[in-house]
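Here you go, one structure.
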Amino acid sequence: MPEHDTVGQHTSPAQEVGEFLRSRGEQIAQRWADEPLFRTVFTVSRDEAVEAGKIVVDALAQVADTGQVHDPDAAGFTVVREQLSRMGAARSRAGFTTAQVSNDVNALRPPVENLLLADLPEDDTDRVRECTTSLTVLMGTLRLVVLETALSEGQALIERQRLQLMEVATPVIKLWDGIVAVPLIGTLDSARSEVVMETLLEAVVDQHARFAILDITGVPTVDSLVAQHLMKTVAATRLMGAECVVSGIRPAIAQTIVHLGLDLGTVLTRSSLADALAYALHQLGADIINATPGGAGSR
């Protein structure tokens, strides 16, 4: 009986797949280097793609040796996560859908399967079926590992973009020397309120501001939670040595605050951003003069 057959009798199908991966690692890596998952990431040097492929093949061989081809938490998959998962994450960041990343990983299986079938004896159908099944399960688990990381990266990207959008949607404007303003537009929640507070306090320090105006003209609703965040922001601004003025409280919001029984008595308010600016300028000793004939004079 040939030596290869003897080995096959003493090893499990998964272990035989591991032996095959080691013996054919170079050929597999060469073929993988031309697949989209590798080719679009390693665009400068094909040799780098081949080296990365070898690392992944060796890691898959370690998983096969343990027989845990179905377990994405198997020790060998740690290296796989560092290699292929990073590629899948890169594809995800580039705008590829999860289905496209999945197809890229699936495309890695046929080159390996073709080499495996070429190495197995054609007359031993049971052995061929068992080994190809083990390889299919192993590559399926590989796909799961890559997709998990791609999804995690996608979620992390969405969270980063959400925070960036909140920062962009919370600009701090220098209206005058010593006066800064934050015009708020849209719904306030806990996360955005934290960004508002941090951004405003940083501006107070950077601009040496004595007055900070929170304009909520563009805020559609105010509930008890939003009011609490406003109170905290006002208090934090005072601790930084600046006076905080809330402007733009519309009639509907004023009625809501009254109905909720919220006490904003300690918060300085003005009906509009213009009135809040006029107040701050007056406190700084700079009155606004209406130059229109018959105008109301200074504010």
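What is the set of long-range amide H partners of SER247 at a cut-off below 5 Å, with H atoms built 1.01 Å from backbone N?
Residues meeting the amide H criterion: LEU214, ASP215, ILE216, ARG270.
Continuing with the same structure: With a Förster radius of 30 Å, plug the Cβ-Cβ distance of HIS208 and THR187 into 1/(1 + (r/R0)^6) and report the FRET value to the nearest 0.05.
Values: r = 32 Å, r/R0 = 1.05.
Between HIS208 and THR187 the formula returns 0.45.
If you take the C-alpha gyration tensor of segment 173-262, multiply each eigenvalue by 5 and take the square root, what semi-axes do you get, largest first, in whole Å? Before the final figure, lay out each step's value.
On the way: eigenvalues 102, 32, 27 Å².
Calculated on Cα positions only, the semi-axes equal 23, 13, 12 Å.
Apply the Karplus curve 6.51 cos²θ - 1.76 cosθ + 1.60, θ = phi - 60°, to the phi angles in segment 189-197 and return the couplings in whole Hz, x for Gly and Pro.
For segment 189-197, the Karplus-derived couplings read 10, 4, 5, 5, 4, 5, 5, 4, 4 Hz, x marking Gly and Pro.
Here's another thing I want to ask about it. Under the 0.36 nm per residue contour assumption, what length would be gained going from the current alpha-carbon distance of ILE289 and LEU225 to full extension? Don't jump to the answer; show the numbers that get you there.
Values: separation 64, 0.36 × 64 = 23.04 nm, distance 3.90 nm.
Here the answer is 19.1 nm.
What do you get for trypsin sites (Lys or Arg not before Pro) in segment 221-278 restricted to DSSP loop and a cutoff of at most 16 other Cβ within 10 Å of the site's Cβ? Please report the intermediate quantities before stating the final value.
Values: sites: LYS232, ARG238, ARG270; in loops: none.
In loop regions of segment 221-278 (DSSP not H, G, I, E or B), there are no sparsely surrounded trypsin sites (Lys or Arg not before Pro).
Further, regarding this structure: Rounded, prolate or oblate, given the Cα gyration tensor of segment 217-295, with a/c below 1.5 counting as rounded? Mind dumping the intermediate values first?
Details: a/c = 3.06, a/b = 1.51, b/c = 2.03.
Judged from the Cα gyration tensor, segment 217-295 comes out oblate (a/c at least 1.5, b/c at or above a/b).
Given a Förster distance of 45 angstrom, what is the FRET efficiency for ASP263 paired with THR78, based on the Cβ-Cβ distance and rounded to 0.05? Present the calculation step by step, with values, prior to reporting the outcome.
Details: r = 56 Å, r/R0 = 1.24.
Efficiency, from the Cβ-Cβ distance: 0.20.
No lab work stands behind these numbers, since they all come straight from the coordinates. Please read all numbers here as calculations on a predicted model, not as lab measurements. Here Cβ is always computed from backbone atoms with ideal geometry, including for glycine, and neighbour counts include all displayed protein chains.
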